[in-house]
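Written below as structure tokens is the structure these notes are about.
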Amino acid sequence: MKKVLIILFVILALVACSKKDEKIELKYSVVEIDNLAHETSHSNEKGESGLKFSDYAPGVNSLESKALMYKRLTFFAVSFDTVEQARSEALRLNQYYARNWLFDRVEGEPILEDYVIETFKGINPKRQLQRIPKKHEESTSESHEAAPAAVHH
């Protein structure tokens, strides 16, 4: 009886250990991206300067990807099947990603960088220190400057 219990325990342990840990990936749906990007408009860029899916690694969802414009600056929101695909493509291109989306033509444009960081919580995986949006810095420095003046003894 003791051997049967041990064998049963070993079998149960093997079955429990053989299950892979399924990692839940947070993804943005195209509807969520559209809702978050309410301050943008669709860009009409075509040809050479337009969105070319052949420029990106496999895993691009061409039906959801789009060229967007924010304050007259065009950038691309490229949907990938997985978060890891979007991250590795952002790393390769030195651009931003958030969840399963790559934001291309953003790096080096402070207005777009601020927008992607604030709106989508975008990250550039090549940067060791992530950029802090300018609005955030100004409000923080203003509050620090105003605080001593407001204190009266």
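The values are calculated or read from the model by the stated rules, or taken from the named source; none is laboratory data. Note that the structure is a prediction, hence the values are computed from the model and not measured. Note: ideal-geometry Cβ built from the backbone for every residue, glycine included; neighbour counts use all protein chains shown.
Of all residues in region 46-103, those satisfying the criterion of being β-branched (Val, Ile, Thr) and not in a helix (DSSP H, G or I) are VAL60, THR74, VAL78, THR82. Among the residues of region 106-130, those identified as surrounded by 19 or more Cβ atoms within 10 Å (Cβ to Cβ) and either touching a residue at least 60 places away in the same chain (Cβ under 8 Å) or charged (D, E, K, R) (or both) are GLU107, GLU113, ASP114, TYR115, PHE120.
Scoring ALA90 on the criteria (1) closer than 23 Å to SER41 by Cβ; (2) surrounded by 14 or more Cβ atoms within 10 Å (Cβ to Cβ) leaves a single failure, condition (1).
Please go through region 104-123 and give me each residue that is assigned to a strand (DSSP E or B) and either closer than 19 Å to LYS46 by Cα or polar (S, T, N, Q) (or both), ordered by number.
Residue satisfying the conditions is ASP104 alone.
Within region 1-43, if we keep just the residues that are in a loop (DSSP other than H, G, I, E, B) and modelled with pLDDT under 80, the residue that is nearest to LEU112 (Cα to Cα) turns out to be GLU25.
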